[in-house]
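The values are calculated or read from the model by the stated rules, or taken from the named source; none is laboratory data. The model shown is predicted, which means the values in this text are computed figures rather than measured ones. Every residue, glycine among them, receives a Cβ derived from its backbone with ideal geometry; neighbour counts consider all protein chains shown. Accessible surface is based on the protein model in full, side chains and every heavy atom, while ligands, DNA and RNA are left aside. Shrake-Rupley method; radii C 1.70, N 1.55, O 1.52, S 1.80 Å.
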Amino acid sequence: MLEDDDLFGELLETVLAGSGRSVDVTVCSSLTEAYMALGRGFDLVVTDWNLPDGSGLDFVKKIRSQDKQVPVVVVSARADRESVLKAAHYGINGYITKPVDINLLHSRLAQFFPVKGQEQASVSEYLEASLGRVVQLSSGMDLVELLKLIDRESELSPAQLAERWRDEPALTARLLDVANSTSFRRTGQPVESLRDAISSIGVAMSLNQALALSLDVSGSVRLEPLKEIAEAVNQNILRVSQSARELAIKLGLQPAIFQQAALLSRLGELAVIKVLDVFHASGGQVEEDQLEKLVEDWSKPFGNRLKVQWHLPLGLRELIGAVHVLPGDSTQDRQLIMRAAALAARDEPDNEEYQRLIRRLGLDKP
């Protein structure tokens, strides 16, 4: 891959590595580096057009002088017809314009290289191998980019988010729905624009709604039993998020960070579901009655892997961990809230642990 924009290069690498194939990605930021790497042999070449030391089309020309078969894709901000035709003259296999749609980028690149040996691998071997790759969870928005936005929440305005999300129809519909719900309608007038929706519910809530939408993998899962598991996981995530929000508000705390931790609390399950679905779609064999146990058994290593890949802050990781297990010596209300929210989501108000946590939080008083 030849790309001098570090952020876009990381995005391309994530999409390629998250395709479900066994892919080794080589990233070069200049023509000089790319020429030096040519001798290694590649199954797919992705190149930008404008580079610090020349044109990506010169690189394409060099490749085609040596190899007529390897797929070559140009990714460029040049969207005019003349540029596309000029690139096509060099014998490329695809042309993708920036800014790119993640779904389009994923599907266009994934079609150019074959699945190698997945049908021979056992499901456990494939899951083990997948731990070393980047798992592409989101079927729409770029999750890593979204988490970076969440880190910058205090710097963002409704207008900035509205501009960034103007081409996200599913998210727009979701934010308008939330803004027009009973909880947020105050004026009696419907909210009709994306910017007004974000202003109405706040930047923090809007970011968490985007996160919830991005983490819902059920719509992209093809194997029906896995889709059912994904839907159940997503419903649990939303219940924990709502419970965490309610508890935080009762304690006079800002709810956004608690909702965020709840939304990220089932990363492992979501990752395993995506990997299993790709494995099955690529010809791998897995028994349907094994799926729930595989998701359960592999969720922790995949969850830990994603937390590292996404550079989640330690404090956020601790809140996520408290959803599942509360440290025995924990005295932090923040962690108590997360564990109580997880128990509340089970709809077991008489649960002994839940009642104990509520007392520790001082919420048992009339």
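How many residues are open to solvent by 60 Å² or more (accessible area, probe 1.4 Å) and at pLDDT below 70 when one looks only at the range 1-23? Number satisfying all stated conditions: 1. I want to confirm something. Restricting to the range 175-192 and keeping residues that are modelled with pLDDT of 80 or more and open to solvent by 100 Å² or more (accessible area, probe 1.4 Å), which single residue is farthest from Q209 (Cα to Cα)? Of everything passing the filter in the range 175-192, E192 is farthest from Q209 (Cα to Cα). Quick one: in the range 115-153, which of the residues that are among the basic types (K, R) and at pLDDT 65 or above is surrounded by the fewest Cβ atoms within 10 Å (Cβ to Cβ)? The qualifying residue surrounded by the fewest Cβ atoms within 10 Å (Cβ to Cβ) is R152.
Count of the range 45-65 residues, restricted to those that are in contact with a Leu (Cβ under 7 Å, 6 or more places away or on another chain) and either farther than 15 Å from L2 by Cβ or part of a loop (DSSP other than H, G, I, E, B) (or both), is 2.
The helices (runs of 4 or more DSSP H) located wholly in the range 153-259 that include 3 or more residues which are within 25 Å of V323 (Cβ to Cβ) and free of Cβ contacts under 8 Å to residues at least 24 places away in the same chain occupy 224-250.
Across the range 154-171, the qualifying residues are those that are open to solvent by less than 30 Å² (accessible area, probe 1.4 Å) and not small (G, A, S), and the one among them that is nearest to V100 (Cα to Cα) is W165.
Would you call V275 part of a helix (DSSP H, G or I), out of contact with any Phe, Trp or Tyr (no Cβ under 9 Å at 6 or more places or on another chain) and either open to solvent by 10 Å² or more (accessible area, probe 1.4 Å) or aliphatic (A, V, I, L, M) (or both)?
In short, no.
Across the range 267-286, the number of residues qualifying as at pLDDT below 90 and not basic (K, R) comes to 11. Selection over the range 204-219 of residues that are open to solvent by less than 30 Å² (accessible area, probe 1.4 Å) and under 22 Å from V278 (Cβ atoms) gives a count of 4.
Here the condition is being more than 21 Å from Q335 (Cα to Cα), at pLDDT below 95 and not β-branched (V, I, T); of A256, A204, A197, A212, it holds for A197 alone.
Of the residues making up the range 278-291, those that are surrounded by 15 or more Cβ atoms within 10 Å (Cβ to Cβ) and of a type outside the set (V, I, T) are F279, H280, S282, G284, L291.
Of all residues in the range 46-72, those being within 30 Å of L127 (Cα to Cα) and open to solvent by 10 Å² or more (accessible area, probe 1.4 Å) number 2. Just to be sure before I move on: is I249 more than 19 Å from the chain's Cα centre (by Cα) and either open to solvent by less than 10 Å² (accessible area, probe 1.4 Å) or modelled with pLDDT of 90 or more (or both) in the structure I sent? So I249 passes the test.
Mind listing whichever residues of the range 43-80 are of a type in the set (F, W, Y) and either farther than 19 Å from L105 by Cα or in contact with a Pro (Cβ under 7 Å, 6 or more places away or on another chain) (or both)? The one that is of a type in the set (F, W, Y) and either farther than 19 Å from L105 by Cα or in contact with a Pro (Cβ under 7 Å, 6 or more places away or on another chain) (or both): F59. For the range 253-272, a residue qualifies if it is open to solvent by 30 Å² or more (accessible area, probe 1.4 Å) and among the aliphatic types (A, V, I, L, M), and the qualifying residues are L253, I257.
For the range 73-84, the set of residues classified as open to solvent by 10 Å² or more (accessible area, probe 1.4 Å) and not in a helix (DSSP H, G or I) consists of A77, R78, A79, D80, listed by residue number.
Taking the stated definitions as given, is L238 open to solvent by less than 30 Å² (accessible area, probe 1.4 Å) and at pLDDT below 95? So L238 does not fit the description; no. Cβ separations smaller than 7 Å between residues 6+ apart or across chains give the following pairs from the range 286-307 residues that are in contact (Cβ under 8 Å) with a residue 40 or more places away in the chain to residues that are open to solvent by 20 Å² or more (accessible area, probe 1.4 Å) and among the basic types (K, R): K307/R317.
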